[in-house]
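A short reminder: the numbers here are calculations on the coordinates, not readings from a lab. The model shown is predicted, which means the values in this text are computed figures rather than measured ones. Cβ placement follows ideal geometry from the backbone for every residue including glycine, while neighbour counts extend to all protein chains displayed.
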């Protein structure tokens, strides 16, 4: 009989070597990972996003309750992204933060570039991108990283020079 994991499975994993990790103690080199099962039965592994969230919180003076994971999606009319948002919100809640979808009503690489740049200008510390145009978003993703954001891709990938991880 195949058993599914509980809605929130807690794991502690080392994050030594993850981009941006410069903490000295073994205690701060551990993160809590949340594996959340979304409403559509898809398994959303929020490990990387939560890792970036915790690293982002630990390397600044801001509190976890100030944390927002911005998910730049292909289009707001696709119900798949409601399911991924539900999983991301479970993970963000575990650290006292929030997660929100940002996207155009119709898939557009240029609209995503504008959204990523806007989020970077607002100093959002974690941005997950599901690129409509894998090449168009790379410069904006690199800019967001230079401004201090942790950026990953999910659902679809960009050029690897634009992100350290594809979830």
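Annotations
- Segment 90-167: radius of gyration over Cα atoms, expressed as a fraction of 2.2 N^0.38 Å: 1.03
- Pair residue 105, residue 118: separation of 7 Å Cα→Cβ label points (nm): 1.4
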